[in-house]
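Chemist: Below is a structure I'd like to ask you about.
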Amino acid sequence: MDIVDEPAAEPRKRGRPKVSSDEDKRAHIVEVAGRVFVKYGYAGSTTAIVASEAGVSKQTLYKLFESKEELFAAVVGAHRRLMLDLPRPVEDISIAASLERIFMIDMDEDKDADRTGFLQLVFREAAQFPELVDILQREGMLASRQHLADWLSERRSEGRLTLDDTASGARMLMDMILGGMGPPEGRARAWPDRAQLFAHLRRCIAIFAVGVGAA
């Protein structure tokens with residue numbers, strides 16, 4: 001999406017590109033910032049770099065985001081949907097099949113690369129910058145885990161699985177699946193190809209489904 005920054009003082013003329021709304025600019029800046037954070041890390045990323053690569057002025061960026069920390073929080077929030085596709089409507093399929101969709105096991109390669117890069121960023125930055133842990137938990141993992149726990153609770157109330165602690169079950173699932181997607185040694189070393197990774201993730205889901213009596 002091409003984002004055109006606000007002109008400084010010159011009135012808009014016929015034929016000039018349409019100026020984007022603040023909402024469009026915000027979404028575009030967050031998208032670009034995600035790539036910048038993955039590429040340079042949190043410490044190496046600056047609002048100046050993000051503004052330059054997004055094609056907006058620093059004034060525009062600061063109008064929408066007061067600080068780099070706020071921008072990082074927006075990036076984490078935007079990527080939450082890459083982690084789990086929740087909430088979602090009730091589906092007449094098996095629990096295992098639903099979980100494969102929730103974790104987007106068959107995500108296309110480009111989006112999968114974005115997700116992997118973001119996961120590695122999260123794991124790396126959380127260790128190096130303790131002050132970001134609150135952001136990562138509040139905007140990312142904790143919110144996603146609660147959505148998954150709620151989904152498991154709903155399926156339990158329907159009698160489709162047996163699980164005494166859905167919060168623990170959600171944590172267990174995310175540890176298995178996200179850990180497999182972004183292993184500490186790096187995906188290239190852990191998984192020679194995507195087929196082996198996907199087979200591992202499906203195996204994790206299948207084992208969980210058996211464990212909660214939903215196979």
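Chemist: Among the numbered criteria (1) acidic (Asp, Glu); (2) open to solvent by 40 Å² or more (accessible area, probe 1.4 Å); (3) more than 18 Å from the chain's Cα centre (by Cα), which one does GLU91 miss?
Modeler: It is condition (2) that GLU91 fails.
Chemist: Ok, one more. Could you name every one of the helices (runs of 4 or more DSSP H) located completely within the range 151-215 that has at least 1 residues being of a type in the set (Phe, Trp, Tyr) and within 21 Å of the chain's Cα centre (by Cα)?
Modeler: Ranges flagged: 194-211.
Chemist: Filter the range 135-150 for residues that are under 18 Å from the mean Cα position of the chain (by Cα), at pLDDT 80 or above and not basic (Lys, Arg); which is nearest to PHE72 (Cα to Cα)?
Modeler: Filtering the range 135-150 for residues that are under 18 Å from the mean Cα position of the chain (by Cα), at pLDDT 80 or above and not basic (Lys, Arg), the one nearest to PHE72 (Cα to Cα) comes out as ILE135.
Chemist: If I ask for residues that are crowded, with 19+ Cβ neighbours inside 10 Å and more than 15 Å from GLY179 (Cβ to Cβ), which ones from the range 105-120 would you list?
Modeler: If the condition is that a residue be crowded, with 19+ Cβ neighbours inside 10 Å and more than 15 Å from GLY179 (Cβ to Cβ), then ASP112 is the only one that fits.
Chemist: Among the residues of the range 178-203, how many are open to solvent by 30 Å² or more (accessible area, probe 1.4 Å), at pLDDT 85 or above and of a type in the set (A, V, I, L, M)?
Modeler: Adding up the residues that qualify gives 2.
The values are calculated or read from the model by the stated rules, or taken from the named source; none is laboratory data. Since the structure is predicted, the reported quantities are computational estimates derived from the model, not experimental observations. Every residue, glycine among them, receives a Cβ derived from its backbone with ideal geometry; neighbour counts consider all protein chains shown. For the accessible areas, the whole protein counts, side chains as well, though only heavy atoms, and no ligand, DNA or RNA atoms are used. Shrake-Rupley method; radii C 1.70, N 1.55, O 1.52, S 1.80 Å.
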